[in-house]
Amino acid sequence: MCGIVGYIGEKDSKEILLKGLERLEYRGYDSAGIAVRNSEGITVFKEKGRIADLRGAVSGDVTGNTGIGHTRWATHGKPSKMNAHPHQNTSDRFTIVHNGVIENYHHLQRDYLADVAMESDTDTEIIVQLIGKFVEEGQTTQEAFSKALQLMKGSYAIALLDAEEAQTIFVAKNKSPLLVGLGEGFNVVASDAMAMLQVTDQFVELMDKEIVIVRKDSVDILTLAGEKVERAPFTAEIDMSDIDKGTYPHYMLKEIDEQPAVMRKIIQAYQGENEKLTIKPEILDALQTADRLYIIAAGTSFHAGLIGKEYLEKMAGIPVEVHVASEFGYNMPLLSERPMFIFISQSGETADSRQVLVRIKELGFPSLTITNVSGSTLSREADYTLLLHAGPEIAVASTKAYTAQLAVLAILSAVSAEARGRELGFDLVQEMGIVANAIQAQVDMKEEIEQLAHDYLSTTRNCFFIGRLMDYFVGLEGALKLKEISYIQAEGFAGGELKHGTIALIEEGTPVIALATQESVNLNIRGNVKEVAARGANTMIISMKGLNEDGDSHVLPPVHELLTPLVSVIPLQLISYYAALHRDCDVDKPRNLAKSVTVE
Ligand code: F6R
């Protein structure tokens, strides 16, 4: 949610900031702004809309070799030019960009700023006004910044400019990610290394509640008490080609196409000696000790968790519960005696999941994060991490991260099964090879799948997905994908559940997409399809070869029954993509959303 950048060096900062913001647009894209400092002071440019809109508003005449920038996903105050960052205090001496939410901003305003007229509806303006006030009262900028940070409750990543201290960007973070990038004669600030790969691959990670003084040739990390902290930089191992769209019209399509390669990469990454799948012994030991696993996740990752439960229970024989992160922390169920928590999160930054992690750590329970982003908050704060190795996922709608989550959960389950002396009955490496080929076959059938999207979804306002067993969980994911990028109202249901109420919504022509990949319920789901067809539904059956019948709309190549979700989700991803495309929707940046949801 929201992305911030900063540059201090010799060059004009505008283009570096704008390019950085373009790379961070996945974090929010309802308004954006930059502030540029030169000898005449600080100039702020901001605009409602995308970075492309901001570009149009930035004047080429103003240059400055220090600057900060922001791309916003609104939390406090609607998307508008007025609420876009950067924000300034009343005297315009201080300029700030902020990612996060200040929970006690009302109290701070009441207690310290009752006489200050606010220019925006944001919590962010409170921070910059507070700093301005403390400086007016006689504090240095650093002291004022530190005092404001100590008063603030909530999450933040902040970059601050002081018009009277030209050579410095003041930086701090709490719960929101922030990095400082190092260069020769310049330094940069970014929410994500991707934003500044154009100028450096050397980054220093910042920790919560530190103040960082960034100058063009130095970076000083301090505790809030002012003590110096030494921290070595790391090299960001992201390939520029991973973050470029190349010849693809959309990141989503590129990421859908990458899935066969991602499957092979994951298998390689988890193969140890003799090409055997391995998981760190300490993770296996922790799983062995646990009497119940609790999977915590949100959105698509929650849907992956539902399938992860099937894998862990069926392969490894460990009881599992799956919970929506935003509910769990505030309504914790009765826990087993020796629980272990598994957090599934593409970004590793989801605030809803993090609040659960913080609570269960307080209770002393072990935790494992399965994430695509090494060094992310959920990875750093959990006891153990398993990486997805999916490469950066930039489209807001998650595709390759979802299948990567399933693959890593399958590997975890299979290796745990072996550690527990349970016979799997199949070779997962071999079966995953078959899955990779089957996914490839699906992405090679784009024309056929586009036709399905056209035939079933071009004019509809709603759509239902039905399935049984694991197909039900894949249907939930198919529905989420469709609604988030095409804005068609879509819901996933267990095939047998529709007749208990929802069938009332079926009208002449209502699209119902059914998955039929599970042998034991193949006849049942087909019965459910007949029930809705009898009431006028326009039914599409996606079946697995071997279970298919004449008239099925699309037949998937056969794979091991447990691994069918990895393949059956691909046509659903493509159907959503094409449905959104046919409706002229912004596929990669759907309305109201952001990729990394760092607010609760
Ligand atoms: C949907 C989607 C979201 C995320 C959810 C959790 O396509 O991407 O539903 O899955 O916001 O995000 P992560 O996985 O980063 O914790």
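FYI, it's all coordinate maths here, none of it is from the lab. Computed from a predicted model, the values in this text were never measured in an experiment. Quick reminder, even Gly has a Cβ in these numbers, built from the backbone with ideal geometry, and neighbours come from all protein chains shown.
So the values come out like this:
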read-out: Backbone N under 17 Å from the GLN202 label point (7 Å along Cα→Cβ), restricted to the stretch 215-234; value: 215-221, 230-234
read-out: Centre separation in Å (Cα based) which lies between the stretch 1-62 and the stretch 427-498; value: 39
read-out: For the stretch 112-192, Kirkwood radius (reciprocal of mean inverse C-alpha pair distance, Å); value: 13.9
read-out: Extension gain from LYS153 to ALA504, taking 0.36 nm per residue of separation minus the Cα-Cα distance; value: 121.7 nm
read-out: Loop-resident sites, the stretch 18-49, for GluC sites (Glu not before Pro), counting at most 12 other Cβ within 10 Å (DSSP); value: GLU40
read-out: FRET efficiency estimate (nearest 0.05) - Cβ-Cβ, GLU423 to LEU593, R0 41 angstrom; value: 0.40
read-out: Diffusion coefficient, µm² s⁻¹, Stokes-Einstein with Kirkwood Rh over alpha-carbon pairs of the chain at 25 °C and 0.890 mPa s; value: 97
read-out: Cα→Cβ-extended label distance, 7 Å offset, between ALA232 and ARG264, nm; value: 3.4
read-out: Rounded if a/c under 1.5, otherwise prolate or oblate - the stretch 288-331, Cα gyration tensor axes; value: oblate
read-out: GLU136 versus HIS106: modelled label distance in nm, points set 7 Å from Cα along the beta carbon direction; value: 2.4
read-out: Dmax and Rg, reported as Rg then Dmax, of the stretch 259-369 (C-alpha, Å); value: 14.6, 46
read-out: Radius 10 Å from Cβ of GLU25, net charge of other residues (Lys, Arg +1; Asp, Glu -1); value: +3
read-out: Cβ-Cβ FRET estimate between ASP550 and SER374, R0 fixed at 60 Å, reported to 0.05; value: 0.80
read-out: Set LYS14/LYS245; LYS81/LYS483; LYS173/LYS216 screened for pairs whose C-alpha atoms are more than 25 Å apart; value: LYS81/LYS483
